[in-house]
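No value in this document is a laboratory result; all are computed from the given coordinates. Values in this document were obtained by computation on a predicted structure and should not be read as measured data. When we count neighbours, we look across all protein chains shown, and the Cβ atoms used for this are built from the backbone with ideal geometry, even at glycine.
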Amino acid sequence: MFAAFANPARFMSLSAWLTPVLGAIAFILFAVGLPWALAYSPADYQQGETVRIMYVHVPAAWWALAIYAFMGGASLIYFVWRHALADVAARAAAPIGAVFAGLCLITGSLWGAPTWGTWWEWDGRLTSMLVLFVIYLGYMALRSAIEDEERSARLGAILCMVGLINLPIVHFSVVWWSTLHQPASIFRPGGSAIDPSMLGPLLTMAFAYLALFGALLLMNMRAAILRRRVEGARLRGAA
Amino acid sequence: MAEGDNIALRADKLAIRRGARELFHDLSFVVRAGEYVEVRGANGAGKTSLLRALAGFLKPSAGQIHFDAAEEPALALHYLGHLNGLKGSASVSAHLRYWSGLFGVSSSLEQSAARLGLMALRDLPARVLSQGQQRRLALARLLIAPRPIWLLDEPAASLDGAGRTLIGELVDSHRQRGGLAIAAVHEPLGPTAHASVILA
Amino acid sequence: MSAFWSTFKRDFALMWSAGGGVVAPLGFFLGAAALVPLAMGPAHDALAAAGPPLLWVAAAFAVLATIERLFQADLEDGSLDQMLLSSAPLELIVLAKGLALWCAIGAPIALAAAPVAIALQASPSLVPAIVVSVALGMGGFVGAGLTGAALTASVKRGSVLIALIVMPFFAPPIIFGSAVASSGFGAAFLLLAGCALAYLVLGTFAAAAALRLQAE
């Protein structure tokens, strides 16, 4: 029992200073990246000014996917080695990933509207992101539906890992179908390669998202650990 | 199959935790062939959790459980919990046939049914049986598939005096064949217990 | 093997005697498949295009409607404990339950897909491919359903939760299956078969792992 909380103690002291540092980094990167992306980067020769949504949309897509992979890894670590922090990390990352996925979907819709003339298009990659969003919701719903802490963690770990295996299958099936039925995606501004002048703001935004994820993840984890301590104390008091 | 011969079950410094609460720790005992051990304790002391840990359903938070048995533990034991494991719409005989298939044996089902007074109820669906009859149907598992280790959680619950006597006899003949039994009880079951494990 | 067949026989018999038996999911499938065409009216071309996905979604819903109690009942009445003590590994027992579900629901719906496909304006030459693909696809749905049911076995009234969890798994078979309805025994069919098999294998192992956790 105490061994399980020795690591979290070290984590708490580490995250106590790391969280605000990451938050500050995120703030700076967004302060630099957003104006750069939205005002000072070149417009696309095909899409004009609307391409600027890409700088919000694309990093959100990358990280929505990467966060789920992170959750999968954390779930595996928890399932095999029962490391309590790994479960806390997985559960704390889920809402952040879900928000990134949702942001990707909304910005995707906004991006496509002027080009498609409609507010939604069943583009292969966007549809894949929609499924990923549902996967996030399912994971969060399962975790909160199971009251027993440890059982929720272990069952959630199974769901996350199985979902991770399923993700490539879903992506393949959706992209396969859309290439049969639709022309290539619009989500590649300037043709099949990204112009180097777009790389600067894009990567800045990408790192901004990463720093934001880090700060939010640590905040969520700290809150979860504190909550567990309170509940543990309450249960011991009642016993 | 040959029951007994050097069967033993050993618990070594067992600790079991449910949620955030530790039920007990540092529990050690040995049960050998032919022995019957009672587990006693107040409600919530951990009797059921101990039996489920011995059955392999839950992992103890500390300590080890050793089985000196010919087969792997899951094939060497029977678990009779609070729940009977019955399906309301299935008949008594359907249950007997299912268990005989599930445990991979082909013994005489009539014999087991008769021993437990179930012959007249053979074709009835389980849901119309009384609590006591349902308990006796659950006990049929023990006779259908001979396994050396019996883990019984309040086996006499919902049974009348005759039923309790019956269980006592079943445990006694099981011991004579070389098996061992561990039962969580509130009152003595019948057979003289070789030892008692008391959970605080 | 006797544990496998005993479990199969018991579960299949239980499904026959459960609420509505086998007729209920079949009726559900037919009703669900009829809802959208009913609302659309006689728009033949639109129906022909939308037909295959409608059929597949109706089949998927029929599975969703029946899997909630698959393991929950076993957990609640103590049968799961006995399955863990069986002479066969839990994975085989789970597979037997999946096979029973497929026989009770998957196969009848696959056969019913033939008239439904015709009603949804499918070309008669494609009906054999449609029936076989639905049979396979239902196997995939069962595989995913086993996992969802095992994960939510301890959650009361978890049917919406199960649906949310397994929906991402239902998408690929629905996509491939709908494509088979227009292209017959081709690439889409092979993809569907591979996907269904993968789901069945993966689902069996994941469900068994989840059930062991539920028994604690």
Of A:SER128, A:GLY108, A:TYR55, farthest towards positive along the dipole that unit charges on Lys, Arg, Asp, Glu beta carbons give region A:50-148: A:TYR55
Residue-averaged 222 nm ellipticity for chain C, from DSSP H runs of 4+ at -39500 (n - 2.57), nearest 500: -27500 deg cm²/dmol
Helix-only [θ]222 nm of chain A, DSSP H runs n ≥ 4, -39500 (n - 2.57) each, per residue, nearest 500: -29500 deg cm²/dmol
Nonlocal amide H pairs with B:ARG40, under 5 Å, H built at 1.01 Å: B:VAL197, B:ILE198, B:LEU199
Cross-link reach list, aspartates and glutamates versus B:LYS13, counting only Cα pairs under 15 Å and skipping chain neighbours closer than eight places: B:GLU22, B:ASP26
Beta bridges by DSSP in the protein assembly as shown, antiparallel share as percent, to the nearest 5: 45
Three-way shape label, region A:3-122, alpha-carbon gyration tensor, a/c 1.5: oblate
Fewest-first sequence of A:THR107, A:THR179 by Cβ atoms within 10 Å of each Cβ: A:THR179, A:THR107
Student exercise, the protein assembly as shown dipole from Lys, Arg, Asp, Glu Cβ charges, in Debye to nearest 20: 920
Average beta carbon contacts from partner chains per residue of A:147-154, 10 Å cutoff: 4
Convex hull (Cα only) mean projected area of chain A, reported in nm² to one decimal: 14.5
Quarter of the Cα convex hull surface for chain B, i.e. its orientation-mean projected area (nm²): 10.7
Neighbour-count order for B:ARG21, B:ARG136, B:ARG115, B:ARG175, fewest beta carbons within 10 angstrom listed first: B:ARG21, B:ARG115, B:ARG175, B:ARG136
Cross-link reach list, lysines versus B:LYS87, counting only Cα pairs under 28 Å and skipping chain neighbours closer than eight places: B:LYS47, B:LYS59, C:LYS9, C:LYS97, C:LYS156
B:SER196 paired with B:SER130, simple spin-label distance in nm, labels 7 Å along Cα-to-beta-carbon: 3.0
Using θ = phi - 60° and Karplus 6.51 cos²θ - 1.76 cosθ + 1.60, couplings along region A:59-71 (whole Hz; Gly, Pro as x): x, 4, 5, 4, 6, 4, 6, 5, 5, 5, 5, 4, 4
Values of log10 I(q)/I(0), in the order q = 0.10 Å⁻¹, for chain C under a Debye, Cα-only, solvent-free model: -0.42
Using θ = phi - 60° and Karplus 6.51 cos²θ - 1.76 cosθ + 1.60, couplings along region B:85-98 (whole Hz; Gly, Pro as x): x, 10, 10, x, 8, 8, 6, 4, 5, 4, 5, 5, 5, 4
Ratio of the Cα radius of gyration of the protein assembly as shown to 2.2 N^0.38 Å, where N counts its residues: 1.12
